[in-house]
Amino acid sequence: MQRRMLIMTVCLLWLGVTAVFGQDAAPTVTTESGDVQGITENGLDVFKGIPYAAPPVGDLRWREPQPVEPWTGVLETIDFVHDCMQQLTDFEPIQTTLSEDCLYLNVWRPTYADPGDNLPVMVWIHGGGFVGGGTSIPFYDGSAFARQGIVVVSMNYRLGRFGFFAHPALITACEGMVGNFGYMDQIAALRWVQANIPNFGGDPQKVTIIGESAGGASVLALLTSPLTDGLFQQAMVMSGGGRQPIITRAMTGGTAQAPSADQVDAAFAASLGIEGEDAAALAALRAIPAEDLAAGLDLSAVLQVGLSCRIRELTDPANYDPACRPGYSGTQIIDGMIVTDTPEAIIRSGQAHNVPIIIGSTAADLFEFFPPSVTDPYSYFGDDAGAARRHYELPFLARAVLVLRGQGELRDYIPLLSIGADMTMHEPARFVAREMTAQGQPAWLYRFTYTAESTRPESERQSHAGELPFMFDALAAKYGDVVTASDTQAAQAFNTYVGNFVKFGNPNGSGLPLWPMFDGQFNLMDFTLEDGPVYGPDPRADGIRLVERAADAQNP
């Protein structure tokens with residue numbers, strides 16, 4: 001009896017010791033700047049708020065990202081720190097306090113990952129029109145990908161006037177590269193991955209960059225930049241265009257109707273009473289309160305003003321108002337170093353990085369580009385003008401009315417908006433797939449149509465950015481407790497295809513419908529409303545074919 005009690009006492013003591021000391025230790029990883037400690041959650045190690053560059057504040061505002069000041073001890077990285085300065089809208093459910101001090105990234109990995117494991121790496125670049133967004137958005141959680149054996153990295157980068165700014169005083173100062181500071185941040189984060197991800201168990205030679213909207217445009221910029229060679233091996237572009245960015249500004253030499261970055265930014269400074277381009281002007285610019293720099297770059301306002309101004313321009317070019325659509329700060333600049341030309345020109349020339357790519361759009365994606373003439377839009381199509389009129393004037397009318405319900409004057413331009421969607425997103429995605437395939441690189445083309453069942457019947461064609469909770473398989477973060485079995489199946493399929501691409505360079509895998517590589521035909525993988533992923537004829541093929549012929553004729 002005494003022996004049994006002794007054994008039980010020893011066991012209880014052992015259980016108590018285990019309870020105190022035997023729990024999973026907080027994961028700690030050594031980086032070039034110091035040790036970071038994350039947290040273990042649901043079988044994953046998560047590190048949030050790792051600095052990858054020095055805070056770009058004070059004299060570092062509008063400078064290339066500078067090295068992080070090394071720290072001693074262990075830096076606790078268990079919470080998102082700051083998303084970058086912006087004007088908050090309902091479009092971007094940011095979860096942090098905004099700050100200029102925002103150059104942080106986050107890492108998710110399986111708990112079994114050890115240095116030297118060489119797991120595939122996914123780097124996420126968020127969207128938001130280059131004026132909004134951040135990594136703390138709940139459905140950007142990397143857990144579902146990490147459970148597939150992937151090391152996931154998400155980054156913040158400078159936005160709006162903090163990220164894309166080229167005032168003459170900056171150009172005159174000759175402090176280094178000027179203009180695309182947001183892209184400089186993205187490149188710095190990718191370099192951080194190359195230097196540090198092996199210690200998290202990731203393979204720096206198996207990095208896939210993925211971005212949506214402005215993030216997709218960023219992926220195209222990185223894909224076509226001479227400064228990113230070797231920083232990634234695969235790419236995925238989600239609703240990022242493909243021929244030309246929605247707004248691309250020259251650094252200098254602009255006109256009234258196409259102002260250059262230095263003109264736009266000088267006008268903004270003048271509105272605050274800052275004139276000139278000397279050191280005093282630059283000091284005054286760097287003293288502007290962050291809130292004032294972010295003012296006026298509300299993503300929803302930018303989109304609404306941009307569209308109405310564009311319609312006005314095209315309707316009556318003689319009454320063009322340069323104040324209406326000035327080329328807002330927060331869009332990429334052709335700087336001759338990071339951005340040397342449009343993606344279309346660089347991809348056509350064969351100078352883009354040769355990497356496998358997935359590219360696509362949503363069924364009800366953005367419309368921003370339009371034919372040159374509103375009064376005679378079909379002239380854009382040349383010999384195909386009659387076919388274009390027959391295609392666009394009736395078939396999309398009913399669906400477009402649903403999309404534009406309550407937007408008054410835009411109803412007059414419904415066929416134009418359908419043309420605009422094909423010109424802005426759908427055909428450019430096919431263009432990239434076509435050109436990369438012709439140059440010997442694997443490409444996969446998709447369209448995401450599926451909408452959450454709780455949003456129907458109002459939404460039966462997925463809108464811009466609506467596919468993201470599905471891609472991350474994080475539906476509860478977006479839709480709460482109304483997620484259905486069908487929603488879950490759609491999310492798991494999309495998430496698994498993308499995970500397979502990150503891991504194997506090919507989205508296909510057992511249990512999934514076959515997704516063939518792009519072959520030049522008008523076929524794609526459609527994530528449909530009722531039938532799951534279906535590979536077959538593009539339902540927008542007739543219009544896209546017409547846009548493709550017109551675009552190729554104008555850019556041979």
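The values are calculated or read from the model by the stated rules, or taken from the named source; none is laboratory data. On a predicted model such as this, the values are computed, not experimentally measured, just so you know. Because the Cβ atoms are built from the backbone with ideal geometry, glycine has one as well, and the counts that use them run over all protein chains shown.
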| field | Residue that is surrounded by the fewest Cβ atoms within 10 Å (Cβ to Cβ), among those in segment 454-489 that are of a type in the set (A, V, I, L, M) and closer than 22 Å to Leu366 by Cα | value | Ala465
| request: Working carefully through the options Phe268, Phe200, find the one that is over 30 Å from Phe139 (Cβ atoms) and not aliphatic (A, V, I, L, M). | output: Phe268
| Verdict on Asn495 being surrounded by 14 or more Cβ atoms within 10 Å (Cβ to Cβ) and over 22 Å from the mean Cα position of the chain (by Cα) | no
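Out of Glu548, Glu530, I need the residue that is of a type in the set (Asp, Glu), assigned by TED's automatic domain parsing to the domain that holds Ala429 and more than 26 Å from the chain's Cα centre (by Cα). Which one? Can you show your working first?
Values: Glu548 fails: more than 26 Å from the chain's Cα centre (by Cα).
Answer to the selection: Glu530.
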| request: State which residue pairs qualify: first residue farther than 18 Å from Pro428 by Cβ and inside segment 220-239, second residue among the polar types (S, T, N, Q) in any location, beta carbons under 6 Å apart, and separation of 6 or more residues or different chains. | output: Gln234/Thr208
| field | Subset of segment 499-555 [of a type in the set (S, T, N, Q) and under 16 Å from Thr437 (Cα atoms)] | value | Asn506, Gln521, Asn523
| request: Test Arg147 against the criterion of being touching a residue at least 60 places away in the same chain (Cβ under 8 Å) and either touching a Ser or Thr at 6+ places or on another chain (Cβ under 9 Å) or more than 21 Å from Asp79 (Cβ to Cβ) (or both), and give yes or no. | output: yes
| message | Quick check on segment 177-184. Is at least one of its residues assigned by TED's automatic domain parsing to the domain that holds Phe268 and within 25 Å of Glu467 (Cβ to Cβ)? | response | yes
| task | Can you confirm whether segment 163-186 contains a residue that is crowded, with 24+ Cβ neighbours inside 10 Å, assigned to a helix (DSSP H, G or I) and either among the acidic types (Asp, Glu) or free of Cβ contacts under 8 Å to residues at least 12 places away in the same chain (or both)? | result | yes
| Gly276, sole failed condition from (1) buried (at least 19 other Cβ atoms within 10 Å of the Cβ); (2) over 27 Å from Ala421 (Cα atoms); (3) at pLDDT 95 or above | (1)
| Criterion (at pLDDT 95 or above, under 25 Å from Asp542 (Cβ atoms) and out of contact with any helix residue (DSSP H, G or I) (no Cβ under 6 Å at 6 or more places or on another chain)) met by exactly one of Thr437, Thr455 | Thr437
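Report whether or not Val193 is assigned by TED's automatic domain parsing to the domain that holds Ile94, at pLDDT 95 or above, part of a strand (DSSP E or B) and β-branched (Val, Ile, Thr).
no
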| task | Using the structure shown, decide if Val68 is assigned to a strand (DSSP E or B) and either over 25 Å from Ser239 (Cβ atoms) or of a type in the set (Asp, Glu) (or both). | result | no
| task | Identify the single condition in (1) surrounded by 22 or more Cβ atoms within 10 Å (Cβ to Cβ); (2) closer than 16 Å to Gly38 by Cα; (3) in contact (Cβ under 8 Å) with a residue 60 or more places away in the chain that Trp124 does not satisfy, given that it satisfies every other one. | result | (2)
| message | at pLDDT 95 or above and surrounded by 14 or more Cβ atoms within 10 Å (Cβ to Cβ): which single residue out of Leu307, Leu299, Leu303, Leu231 fits that description? | response | Leu231
| query | at pLDDT 95 or above, under 26 Å from Met177 (Cα atoms), surrounded by fewer than 19 Cβ atoms within 10 Å (Cβ to Cβ) and within 21 Å of the chain's Cα centre (by Cα) - does that describe any residue in segment 100-111? | reply | yes
| field | Given (1) under 15 Å from Ile333 (Cα atoms); (2) crowded, with 19+ Cβ neighbours inside 10 Å; (3) not basic (Lys, Arg), index of the condition Gly253 fails | value | (2)
| Enumeration of residues in segment 113-138 that are hydrophobic (A, V, I, L, M, F, W, C) and part of a strand (DSSP E or B) | Leu119, Val121, Met122, Val123, Trp124, Ile125
| request: Could you tell me whether segment 145-157 includes any residue that is crowded, with 24+ Cβ neighbours inside 10 Å, in contact with a helix residue (DSSP H, G or I) (Cβ under 8 Å, 6 or more places away or on another chain) and part of a helix (DSSP H, G or I)? | output: yes
